[in-house]
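Step one of this worksheet: look at the structure below.
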Amino acid sequence: CFSNVGDAAFQSCSKFQKIYLTNNCGVGRFAFNGCLNLKFCFGNQEDSINKINLQCEVIPDFAFCKCKQIQEVDIPQAKTIGKCAFMECQNIIEINAPKLQSACDLALQGCCCLQKLNVPLALDLKMNQEIIFGNSDWEWYYPLISEQQLQQEKQQQLDKEKLEQIKL
């Protein structure tokens, strides 16, 4: 198991198939950029294959860019996702980042299968969607709003409609 992967350590190793990392592994900028076929395993557990499970506070710029095999990202301590960190990771279905404070330019651009995004409500993805997701229609990403936020927006709409009825 690797416990530290430096800047550009495996960049563009498109034939590289599998790597074992520790959960507290340090990952540098461009560390796995362009590793199209790479499957990730954390610890010695084969069941965690294709799931990024890191305990770091920062996911560096381009760290996992174009890693097309990643399906889940569990980064519970992450406060920042760097520029293009998961760009073109087309098979990511779920991201868990409950302490996230910021996501840089194009951090999640091209994550077209993303269905579940667990981030703090304070992180305003709707305002920053073009920066974080790239040039995509918000409606496509709308399901990423948390259920609580969706309920709040529905309640605000109902309150607005009631107020308009009273004015009539």
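The values are calculated or read from the model by the stated rules, or taken from the named source; none is laboratory data. Fair warning: this is a prediction, and the values are worked out from it, not measured in the lab. Ideal geometry is used to build each Cβ from the backbone, glycine not excepted, and the neighbour counts take in all protein chains shown. Note: areas computed on protein heavy atoms with side chains; ligands, DNA, RNA excluded. Shrake-Rupley method; radii C 1.70, N 1.55, O 1.52, S 1.80 Å.
Summed over region 82-113, the residues that are open to solvent by 20 Å² or more (accessible area, probe 1.4 Å), closer than 19 Å to I49 by Cα and not in a loop (DSSP other than H, G, I, E, B) give a count of 2. Note on region 11-29: residues that are closer than 10 Å to A63 by Cα and open to solvent by less than 50 Å² (accessible area, probe 1.4 Å) amount to 2.
Summed over region 1-24, the residues that are closer than 23 Å to Q90 by Cβ, part of a strand (DSSP E or B) and either touching a Phe, Trp or Tyr at 6+ places or on another chain (Cβ under 7 Å) or at pLDDT below 90 (or both) give a count of 3.
Take region 28-44 and flag every residue that is on the phi < 0 side of the Ramachandran plot and out of contact with any Gly (no Cβ under 9 Å at 6 or more places or on another chain).
So the first thing to find is which residues in region 28-44 are on the phi < 0 side of the Ramachandran plot, and the list is 28-29, 31-33, 35-42, 44.
Passing the criteria: F32, N33, C35, L36, N37, L38, K39, F40, C41, F42, N44.
Looking at region 27-46, can you tell me whether even one residue there is outside any loop (DSSP other than H, G, I, E, B) and free of Cβ contacts under 8 Å to residues at least 12 places away in the same chain? So far as region 27-46 goes, yes, one or more of its residues are outside any loop (DSSP other than H, G, I, E, B) and free of Cβ contacts under 8 Å to residues at least 12 places away in the same chain.
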